[in-house]
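The values are calculated or read from the model by the stated rules, or taken from the named source; none is laboratory data. Bear in mind the structure is a predicted one, so any value in this text is a computation, not a measurement. Cβ placement follows ideal geometry from the backbone for every residue including glycine, while neighbour counts extend to all protein chains displayed. Remember, those area values only see protein heavy atoms, side chains included, never the ligands or the DNA or RNA. Shrake-Rupley method; radii C 1.70, N 1.55, O 1.52, S 1.80 Å.
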Amino acid sequence: MRHPRHLLWKTLVRQYYRQNAGFFLFFFLIFFGVVGPSQQLAYHYALIRGILEAPSLLALVLFLWLLYAAKCSRWVMGLLHSTDHGFLHTLPLLGRTKTFRLMLMIQAALYLPIILYATAVLIIAFSSSAWTPAIILVTFITAICLGSSALYQYDLFHPGILTEFVFIRLAGKRSVRKKYTPYWSFLLRGFLAEHTALLAGIKIFGCGILYLMLSMQTPDDYDIRMPFLFFSMALFGHGALIYQLRRMEVDQLIFYRSLPVSMIGRIMQYAILYLLVLLPEMIILGWLTPDHIRFRDAAGFVLAGYSILLLLNGCLFIAALERSEWLKLTGILFGILYFGVLSDHLIFISGVFLVAAGSLFYRGYSQREG
Amino acid sequence: MLEFHQVQKSYGLRPILSIPDGRLSPGTWWLQGPNGSGKTTLLRMIAGLLPFKGDIRLDGHSLRRDPISYRRSVSWADAEPLYPAFLTGEDLVSFYCSVRKTLTSQVQPLLSAFSMQSYVATRIGSWSDGMIKKLSLVLAFIGRPSLIILDEPLVTLDLTSVLQLYHLICDGRAQGCSFLVTSHQEIHLDHLPVDLRLLIRDQTLETSITV
């Protein structure tokens, strides 16, 4: 007979990494793709020194790690409450200690990317006698792992109580009857409710990198290519969100297709959605124009971002792509866009993308009429 | 009146349905056929959810040429409805009301018929299958469609709700709405008069069985 650990590993850990392949690829590119192989060690050493020496950077890092912990907890709790994983509720039969140990193992496996990076940070902290940040880090990681495991264990031993708590809290907040709920708000809430950590990570990275890279630009030393490369990485991360959103639409919002909404009305839902998704980056760009970025380039950034999001969305209406095919497609499109900035044709290529997005969406939807 | 014009549906190279020209007069139609015969596929085609060759018309509106008017006339409730867990029933009700241009007050009788007022404002993620099924039925009745498609409407419903559903269908019929229903469970003809039984056999629709 196989040990329960084997089953938990298959259902909770392996599936997690498989489903979040795009998420990890995005962050891997951010951390290991921005500098050449020969500079990797120096780059990460400087980054870790910054974390250890600047309390604000340490706080930001801990906040991001907390978001990732929330993502892990959401995954495990979601599976514990799903009907097809009801068998997991037999785990309490193993006893409290053993169940807690198993849950701790699961949490450690899900949190492994953070634990590995934190280990590197701790090694440098110990070697440079940075005791305070080291103690904070150890306490933080331990608290996250033990706290999350305790949460899962509590939910297994007291099924429904945590859900009921959230349920009552949310029900209490809703007293006003809404008059109108647009479809794009369902999609936006899909991003916010189901992919909070990924969305927050992409936005913090996208806005942060835009601000940092553009604020260094001066009229005498002006080169927009490198900021765009980083900006396009943030846009690349949106690809994972769009893919997940389309899956949600196909599985849970299929009724929308049967409703009497005109083609323009349908296109507008996505036009509004992605305008709102890109709003934080637009605010940063607006703030830095014209002191650090020329108006034309700022317009190019916005148009490029907006058109690529709509084009990626449109592509998924034409064909149901596998995750690997989707990654290839997004890579190719970003390559084309980067070629646009190198050849100074960014606005033109963005315009072409926008037209392509509209026609792909129209074609994809029209196919459904017969 | 529902009309079929050279309707053909296949999955890849495998033909599923082939319906030459045909029409159904207004009424309540009970679509029958064994598992895998294509009932749900046909319902989804009529609801405008699946592509196919040919055309379907409802009250003169072509799905292919006049998709918005067509969709305004047709409504659909899935056999196993799924909605995002983070939405509330109220979100979907108000959304359907806005799209179908109906006042939310008109939905209150539907919600009370299925005893849903107490939980309609809560997140769907905390609902049972039966509660979700009732929501899908309420949504199907919103607006003034001339055809309501109900795929296995009796599944997961309690007896009281089944009787309420029969009552709503009878009311709808009295107002001129047609119903296309599939059910593997026996429909109580005392409560719900069926005008026509339809049968999918040999990948086509037989309409000759009148009750």
Out of A:Ala108, A:Ala130, report the one residue that is farther than 26 Å from A:Trp9 by Cβ and more than 20 Å from the chain's Cα centre (by Cα). A:Ala130
Quick one: which of B:Leu199, B:Leu147, B:Leu189, B:Leu159 is within 26 Å of A:Arg257 (Cβ to Cβ) and not basic (Lys, Arg)? B:Leu147
Segment A:110-133, subset open to solvent by less than 10 Å² (accessible area, probe 1.4 Å) and either among the small types (Gly, Ala, Ser) or part of a helix (DSSP H, G or I) (or both), residue farthest from A:Leu88 (Cα to Cα): A:Ala125
Going by the structure shown, is B:Leu50 assigned to a loop (DSSP other than H, G, I, E, B), open to solvent by less than 30 Å² (accessible area, probe 1.4 Å) and at negative phi? yes
Selection from segment B:87-116 of residues that are more than 8 Å from every other protein chain (Cβ to nearest Cβ) and either open to solvent by 30 Å² or more (accessible area, probe 1.4 Å) or in contact with a Lys or Arg (Cβ under 7 Å, 6 or more places away or on another chain) (or both): B:Lys101, B:Leu103, B:Ser105, B:Gln106, B:Gln108, B:Pro109, B:Ser112, B:Phe114, B:Ser115, B:Met116
Count of segment B:1-48 residues which are touching a Phe, Trp or Tyr at 6+ places or on another chain (Cβ under 7 Å), farther than 29 Å from B:Asp171 by Cα and without any contact (Cβ under 8 Å) to a residue 40 or more places away in the chain: 1
Against the condition touching a Phe, Trp or Tyr at 6+ places or on another chain (Cβ under 9 Å) and away from chain B (no Cβ under 14 Å), how does A:Ile318 come out, does it pass? no
Quick check: anything in segment A:201-212 in a loop (DSSP other than H, G, I, E, B) and of a type in the set (D, E, K, R)? no
If a residue counts only when it is more than 22 Å from A:Leu151 (Cα to Cα), which helices (runs of 4 or more DSSP H) contained entirely in segment A:1-95 have at least 2 such residues? A:15-19, A:21-32, A:40-53, A:55-81
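Rundown of residues vs (1) closer than 24 Å to A:Gly237 by Cα; (2) open to solvent by 70 Å² or more (accessible area, probe 1.4 Å), yes/no style:
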{"site": "A:Arg5", "(1), (2)": "no, yes"}
{"site": "A:Thr11", "(1), (2)": "no, no"}
{"site": "A:Phe23", "(1), (2)": "yes, no"}
{"site": "A:Phe28", "(1), (2)": "yes, yes"}
{"site": "A:Leu41", "(1), (2)": "no, yes"}
{"site": "A:His44", "(1), (2)": "yes, no"}
{"site": "A:Leu52", "(1), (2)": "no, no"}
{"site": "A:Leu58", "(1), (2)": "yes, no"}
{"site": "A:Leu64", "(1), (2)": "yes, no"}
Can you tell me how many residues within segment B:1-39 are within 14 Å of chain A (Cβ to nearest Cβ) and either closer than 19 Å to B:Val194 by Cβ or of a type in the set (D, E, K, R) (or both)? 2
Exactly one of (1) within 14 Å of B:Ala79 (Cβ to Cβ); (2) open to solvent by less than 10 Å² (accessible area, probe 1.4 Å) is unmet by B:Glu152. Its number? (2)
Helices (runs of 4 or more DSSP H) wholly in segment B:108-211 with at least 1 residues that are touching a residue at least 40 places away in the same chain (Cβ under 8 Å), within 24 Å of B:Arg72 (Cα to Cα) and among the aromatic types (Phe, Trp, Tyr) - which ones? B:129-141
Can you tell me which residues in segment B:73-86 are at the interface with another protein chain (Cβ under 7 Å from one of its Cβ atoms) and surrounded by fewer than 22 Cβ atoms within 10 Å (Cβ to Cβ)? B:Leu82, B:Pro84, B:Phe86
When restricted to B:Ser69, B:Ser62, the only residue touching a His at 6+ places or on another chain (Cβ under 9 Å), more than 8 Å from chain A (Cβ to nearest Cβ), within 25 Å of A:Arg363 (Cα to Cα) and not charged (D, E, K, R) is B:Ser62
Give the residues of segment A:252-267 that are in a helix (DSSP H, G or I) and free of Cβ contacts under 8 Å to residues at least 60 places away in the same chain, sorted by residue number. A:Gln252, A:Ile254, A:Phe255, A:Ser258, A:Ile264, A:Gly265
Restricting to segment B:117-141, name every residue that is surrounded by 21 or more Cβ atoms within 10 Å (Cβ to Cβ) and either under 18 Å from the mean Cα position of the chain (by Cα) or away from chain A (no Cβ under 12 Å) (or both). B:Lys133, B:Lys134, B:Leu135, B:Ser136, B:Leu137, B:Val138, B:Leu139, B:Ala140, B:Phe141
Output yes when any residue across segment A:144-164 is open to solvent by 80 Å² or more (accessible area, probe 1.4 Å), modelled with pLDDT under 85, within 30 Å of B:Ser105 (Cα to Cα) and within 14 Å of another protein chain (Cβ to nearest Cβ), and no when none is. yes
Checking A:Leu309, A:Leu253 in turn, the sole residue that is open to solvent by less than 10 Å² (accessible area, probe 1.4 Å) and within 14 Å of chain B (Cβ to nearest Cβ) turns out to be A:Leu253
Could you tell me whether A:Ser343 is among the hydroxyl-bearing types (Ser, Thr, Tyr), under 24 Å from the mean Cα position of the chain (by Cα) and either crowded, with 20+ Cβ neighbours inside 10 Å or more than 21 Å from A:Met282 (Cβ to Cβ) (or both)? no
